[in-house]
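Asker: First the structure, which I've put down as structure tokens, then a few questions once you've had a look.
The values are calculated or read from the model by the stated rules, or taken from the named source; none is laboratory data. For clarity, every value in this text was computed on a predicted model and none was experimentally measured. As a convention, Cβ positions derive from the backbone with ideal geometry for all residues, glycine included, and neighbour counts pool all protein chains shown.
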Amino acid sequence: MKRLSRRTFLRGAGVALGLPLLDAMPAVAGAAAGGPPVRMCCMYFPNGVWEKDWVPETTGADYALPFALQPLAPHKADVLVLSGLDKKHSHQGDGHYAKTANYLTGLPVFKTTGKDLSVGGASVDQLCAEKIGHLTPLPSLELGIDPVITGIDSNVGFTRLYGSHIAWRSATTPVAREINPRAAYQRLFGMKRPTLGDPATARKQGDERTLLDLVLEDAQGLRGKLGRDDQGKLDEYLDSIRAVEKRIEFFSKPDPRDWKAPEPGDYAPPAGAPGDHRAHVRIMFDLIALAFQTDTTRVATFMFANDVSGKNFAGLIDGVKGGHHEFSHHENKKEKYEAYSKIVRWHVEQFGYLIEKMKAVREGGGTLLDHSMLLFGSSISDGNRHDPANLPILLAGRGGNTIISGRHLASPKGTPLCNVYAAMLERMGTAVLKFGDSKEAMALDG
């Protein structure tokens, strides 16, 4: 069996494809005890939750999953439900923006209608990327679904830019998100040819080959030099690459049978992005899993939608037709909060898809999920009150087998959400004395 460098790539004409962690590779730089590295992804969904369908009635491992969390039943042992968390600096400022912009900083948001932005400091993902980003081809990966919204929300006197970003390189500099799956794929794997570019251009140039086509010869040569277990891992990985390429191509093509004018509050998908919202989200999750599997990056963020999203879930959820933000202002009316809760449950279902995807990847005597931390949550609890207390937060994965999952942990009222971030930074090998308004790193191992 040939020994391989961790930075081995499959190469073709002008492209390079990273490999997953194989037994033939030495210890990974930055990983504890020579094992796989720890990865971190922070996900955001807008407009809060209907708390009665989110917060479990009991704590510990024997809690019952409430309605909104029931899609996680197959993965209950892999997830921590965290309640009682707060962002004290979000209690100032009306509406959503002072709560979303600091979702990953925990610091005060400067109220402005102009370009003089400030969220107090760098977000947890970017602080981590600054310290370990040199170990991977990409320091971090920022993905989303909606294009950035500009202008002013005159109802509350905030620039809408605050609602379009959760990743901040500094207090004043948001990090651009990629919302086009094709462009995100090309960025991950450094493609410079017209493959997976504009299909019409590729056809004219006589080059419709995918990245996998270009590196297939190199992959076949490498396979013959690997042990049986590594051959299986390589085959599974190449199959997953092929599946993603096919899905990107399929969903990038318009389907005239299903075209309709966008509902109020919908955004037209960007060129090259799938029109199907569920497909768009899941392709992005496939790319996050691939990025972590190949150690292309260890830090990622994902926004399901911009703040104050009016996304209409008609056709995605049975019996739900109307804007997300409108339902979040439920006024305790059954016809509104039931639809609101179903929308939250839909987001949890997509989170479950990523969990399942990462659990299926074998790595270092465990799974990719075992060596990752997937934070999933919103910047307010109840959308009707715009309340930043008792935030809805889930944490999947075991952070390199240092987290005891499968529990509901109820913290005392007012516990800083940043305590969770401090604990995550420790597991990423980027511990800090203090982050945001944290008082201590949350104990996740007992």
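Asker: Taking the criterion of being crowded, with 20+ Cβ neighbours inside 10 Å, touching a residue at least 12 places away in the same chain (Cβ under 8 Å), among the small types (Gly, Ala, Ser) and out of contact with any helix residue (DSSP H, G or I) (no Cβ under 9 Å at 6 or more places or on another chain), would at least one residue in segment 356-379 satisfy it?
Answerer: yes
Asker: Can you tell which of Met442, Met373, Met358 is closer than 30 Å to Ile241 by Cα, in contact with a Ser or Thr (Cβ under 9 Å, 6 or more places away or on another chain) and aliphatic (A, V, I, L, M)? So that I can check it myself, show each step before the final result.
Answerer: Values: Met442 fails: closer than 30 Å to Ile241 by Cα; Met373 fails: in contact with a Ser or Thr (Cβ under 9 Å, 6 or more places away or on another chain).
Of Met442, Met373, Met358, the one residue that is closer than 30 Å to Ile241 by Cα, in contact with a Ser or Thr (Cβ under 9 Å, 6 or more places away or on another chain) and aliphatic (A, V, I, L, M) is Met358.
Asker: Quick one: which of Leu72, Leu80 is surrounded by fewer than 24 Cβ atoms within 10 Å (Cβ to Cβ), within 20 Å of the chain's Cα centre (by Cα), in contact (Cβ under 8 Å) with a residue 12 or more places away in the chain and not in a helix (DSSP H, G or I)? Explain how you work it out, then say what you get.
Answerer: Working: Leu72 fails: not in a helix (DSSP H, G or I).
Testing whether each residue is surrounded by fewer than 24 Cβ atoms within 10 Å (Cβ to Cβ), within 20 Å of the chain's Cα centre (by Cα), in contact (Cβ under 8 Å) with a residue 12 or more places away in the chain and not in a helix (DSSP H, G or I) leaves just Leu80.
Asker: Can you confirm whether Gly364 is under 21 Å from the mean Cα position of the chain (by Cα) and among the small types (Gly, Ala, Ser)?
Answerer: Values: under 21 Å from the mean Cα position of the chain (by Cα): no; among the small types (Gly, Ala, Ser): yes.
Considered against the rule, which asks whether it is under 21 Å from the mean Cα position of the chain (by Cα) and among the small types (Gly, Ala, Ser), Gly364 comes out as no.
Asker: Report yes if Ile152 is modelled with pLDDT of 90 or more and out of contact with any His (no Cβ under 9 Å at 6 or more places or on another chain), otherwise no.
Answerer: Values: modelled with pLDDT of 90 or more: yes; out of contact with any His (no Cβ under 9 Å at 6 or more places or on another chain): yes.
Yes, satisfied.
Asker: Taking segment 356-412 as the region of interest, how many residues are of a type in the set (A, V, I, L, M, F, W, C) and in a strand (DSSP E or B)?
Answerer: Quick first cut of segment 356-412, residues of a type in the set (A, V, I, L, M, F, W, C) only: 358, 360-361, 368-369, 373-376, 380, 389, 391, 393-396, 403-404, 409-410.
Going one step further and asking which of them are in a strand (DSSP E or B), we end up with 373-376, 389, 393-396, 409-410.
So the count comes out to 11.
Asker: Quick one: in segment 416-440, which of the residues that are surrounded by fewer than 21 Cβ atoms within 10 Å (Cβ to Cβ) and of a type in the set (Gly, Ala, Ser) is farthest from Gly120 (Cα to Cα)?
Answerer: Gly429
Asker: If you don't mind, another one. Ala202 - would you say it is part of a helix (DSSP H, G or I), at pLDDT below 50, over 25 Å from Arg3 (Cα atoms) and not charged (D, E, K, R)?
Answerer: Numbers: part of a helix (DSSP H, G or I): yes; at pLDDT below 50: yes; over 25 Å from Arg3 (Cα atoms): yes; not charged (D, E, K, R): yes.
Against the criterion (part of a helix (DSSP H, G or I), at pLDDT below 50, over 25 Å from Arg3 (Cα atoms) and not charged (D, E, K, R)), Ala202 qualifies.
Asker: Of the residues that make up segment 52-59, is at least one surrounded by fewer than 24 Cβ atoms within 10 Å (Cβ to Cβ), part of a loop (DSSP other than H, G, I, E, B) and in contact with a helix residue (DSSP H, G or I) (Cβ under 8 Å, 6 or more places away or on another chain)? Spell out how you get there, then give the answer.
Answerer: Looking only at segment 52-59, we keep the residues that are surrounded by fewer than 24 Cβ atoms within 10 Å (Cβ to Cβ), and these are 52-53, 55-59.
Now narrow it down to the ones that are part of a loop (DSSP other than H, G, I, E, B): 55-59.
From what's left, in contact with a helix residue (DSSP H, G or I) (Cβ under 8 Å, 6 or more places away or on another chain): 56.
Looking for residues that are surrounded by fewer than 24 Cβ atoms within 10 Å (Cβ to Cβ), part of a loop (DSSP other than H, G, I, E, B) and in contact with a helix residue (DSSP H, G or I) (Cβ under 8 Å, 6 or more places away or on another chain), one finds at least one in segment 52-59, hence yes.
Asker: Kindly indicate whether Ala184 is surrounded by 21 or more Cβ atoms within 10 Å (Cβ to Cβ), within 21 Å of the chain's Cα centre (by Cα) and of a type outside the set (Val, Ile, Thr).
Answerer: Details: surrounded by 21 or more Cβ atoms within 10 Å (Cβ to Cβ): yes; within 21 Å of the chain's Cα centre (by Cα): yes; of a type outside the set (Val, Ile, Thr): yes.
In short, yes.
Asker: Any residue at all in segment 381-392 that's buried (at least 22 other Cβ atoms within 10 Å of the Cβ) and of a type in the set (Gly, Ala, Ser)?
Answerer: Taking every residue of segment 381-392 in turn, at least one turns out to be buried (at least 22 other Cβ atoms within 10 Å of the Cβ) and of a type in the set (Gly, Ala, Ser).
Asker: Oh, and also: Determine whether Gly121 is in contact with an Asp or Glu (Cβ under 8 Å, 6 or more places away or on another chain), in contact (Cβ under 8 Å) with a residue 60 or more places away in the chain and assigned to a loop (DSSP other than H, G, I, E, B). Can you show your working first?
Answerer: Values: in contact with an Asp or Glu (Cβ under 8 Å, 6 or more places away or on another chain): no; in contact (Cβ under 8 Å) with a residue 60 or more places away in the chain: yes; assigned to a loop (DSSP other than H, G, I, E, B): yes.
The answer is no for Gly121.
Asker: I've got another one for you. So is Asp382 modelled with pLDDT under 95 and acidic (Asp, Glu) or not?
Answerer: Details: modelled with pLDDT under 95: yes; acidic (Asp, Glu): yes.
So Asp382 passes the test.
Asker: If we scan segment 156-176, do we find a residue that is within 14 Å of the chain's Cα centre (by Cα), within 18 Å of Leu425 (Cα to Cα) and touching a residue at least 40 places away in the same chain (Cβ under 8 Å)? Break it down into steps so the answer makes sense when it comes.
Answerer: Taking segment 156-176 and keeping what is within 14 Å of the chain's Cα centre (by Cα), we get 165-167.
Subsequent filtering for residues that are within 18 Å of Leu425 (Cα to Cα) retains 166-167.
The next check asks that each one be touching a residue at least 40 places away in the same chain (Cβ under 8 Å); those that pass are 166-167.
Yes, the conditions are met somewhere in segment 156-176.
Asker: Starting from segment 302-317, keep only residues that are surrounded by fewer than 23 Cβ atoms within 10 Å (Cβ to Cβ), then list their pairs with residues that are aromatic (Phe, Trp, Tyr) whose Cβ atoms are within a distance under 6 Å, requiring at least 6 positions of separation or different chains.
Answerer: Listed pairs, sorted by first residue: Ile317/Trp346.
Asker: Considering each of Leu238, Leu216, Leu226 in turn, give the residue that is under 14 Å from Leu19 (Cα atoms) and modelled with pLDDT under 85. Don't jump to the end; show me each part of the working.
Answerer: Values: Leu238 fails: modelled with pLDDT under 85; Leu226 fails: modelled with pLDDT under 85.
Within the list Leu238, Leu216, Leu226, the selection yields Leu216.
Asker: Which is surrounded by fewer than 19 Cβ atoms within 10 Å (Cβ to Cβ), touching a residue at least 24 places away in the same chain (Cβ under 8 Å) and touching a Gly at 6+ places or on another chain (Cβ under 8 Å), of Lys413, Lys342? Write out each step before concluding.
Answerer: Working: Lys342 fails: surrounded by fewer than 19 Cβ atoms within 10 Å (Cβ to Cβ).
Going through Lys413, Lys342 in turn, just one is surrounded by fewer than 19 Cβ atoms within 10 Å (Cβ to Cβ), touching a residue at least 24 places away in the same chain (Cβ under 8 Å) and touching a Gly at 6+ places or on another chain (Cβ under 8 Å): Lys413.
Asker: OK, next. Among the residues of segment 293-307, is any within 14 Å of Arg39 (Cα to Cα) and part of a helix (DSSP H, G or I)?
Answerer: Yes, segment 293-307 contains at least one residue that is within 14 Å of Arg39 (Cα to Cα) and part of a helix (DSSP H, G or I).
Asker: To continue, here is another question. Condition first: in contact with a Phe, Trp or Tyr (Cβ under 9 Å, 6 or more places away or on another chain) and either at positive phi or modelled with pLDDT of 95 or more (or both). Can you find one or more residues in segment 128-140 that meet it?
Answerer: No.
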